[in-house]
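Here is the structure we will look at, set down as structure tokens.
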Amino acid sequence: MKKYLAEMFGTMVLVLMGCGVAVSLGCDPVANIPAVVGTALAFGLSVVAMAYTIGGISGCHINPAITLGVLLSGRIQVKDAVMYMVFQVIGAFIGSALLFALTANVDGLSGTGANDLQQGVSVIGGLLAEVVFTFVFVLVVLGATAKANGATNNLAGLAIGLALVLVHLVCIRYTGTSVNPARSIAPAVFQGGTALANVWIFIVGPFVGGALAAFAWKIIDTED
């Protein structure tokens, strides 16, 4: 149970801090580039902080797409994977609820940092972006935490956090960057509108990307 609670708290922090910065800075991939950089750093730093906080307890997935990749790589049992995902979503809802309560009491702020298709981006374009960038991110996670890379395992949290920063810098322009179904589901429920209507993109895309990353890692992994 402690592993599941750790995933819940970790995902709560990720959503509260990452989405919170996006809302506070007014992240706009066209009109406010500094806010894009700030948002990317917020998500990456949240992962780094949680990796060194709960990594020794649960592995710090805090992302159902990562959990799926780890499951398909044979590093976690099905029961634990399912429970991880459930508690990740619960944590995301707690983080979104806190952010919603905060913004509701501050003039000029609104929303919960929900993902949505950005201006000029089609459904196919958004789905493709989520698949591709989740693939890259989960592949980094699997590689950085693999026994084959034991010499660098102590720096895995830093590598994964920086990879998430990089992914956000590229992908925010297309979808606001999800690569994490839990991070998308909860904010969309609170925000509603097109964010909720399009939330399936941010569930299907990351899961497909995570599964492809697990398949790719099995091909290149040197551990028999």
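Things to note:
- If R0 is 25 Å, the Cβ-Cβ spacing of Val78 and Thr53 corresponds to a FRET efficiency of close to 0.45.
- Panel order for Val189, Val179, Val70, by other beta carbons found within 10 Å of each beta carbon, from fewest to most: Val189, Val70, Val179.
- Stokes-Einstein D for region 151-191, Kirkwood Rh over Cα pairs, 4 °C, 1.567 mPa s (µm²/s): 111
- Between Phe215 and Val86, the FRET efficiency from the beta-carbon distance, with R0 = 25 Å, is close to 0.55.
- Averaging the sequence gap over all C-alpha pairs within less than 8 Å and six or more residues apart, then dividing by the number of residues, gives region 2-217 a relative contact order of 31 percent.
- Chain lengthening between Val37 and Leu166 when straightened (0.36 nm per residue, less Cα-Cα): 45.5 nm
- Using equal-weight Cα scatterers in the Debye expression, the normalised intensity of region 1-142 in log10 at q = 0.14 Å⁻¹ is -0.72.
- With a cut-off of 10 Å between beta carbons, the residues surrounding Ala146 carry a summed charge of 0, where Lys and Arg count +1 and Asp and Glu -1.
- Once the Cβ-Cβ distance of Thr222 and Leu155 is raised to the sixth power relative to R0 = 25 Å, the FRET efficiency obtained is 0.85.
- Computed per residue of the chain from DSSP H runs no shorter than four, each worth -39500 (n - 2.57), the mean residue ellipticity at 222 nm is -25000 deg cm²/dmol.
- Take the Cα of Met1, step 7 Å toward its Cβ, do the same at Leu98, and the gap between the two points is 2.2 nm.
- Proxy reagent accessibility, fewest Cβ within 10 Å first, across His168, His61: His168, His61
- Extreme residue, positive dipole direction of region 2-217, given options Gly74, Val140, Ser24 (C-beta unit charges): Gly74
- Fewest-first sequence of Thr112, Thr177 by Cβ atoms within 10 Å of each Cβ: Thr112, Thr177
- Site pair Asn105 and Ala197 shows an inter-label distance of 3.3 nm when each label is modelled 7 Å from Cα along Cα→Cβ.
No lab work stands behind these numbers, since they all come straight from the coordinates. Just so it is clear, the model here is predicted, and its values are computed rather than measured. Positions of Cβ are generated from backbone atoms using ideal geometry, with glycine treated the same way; all protein chains shown enter the neighbour counts.
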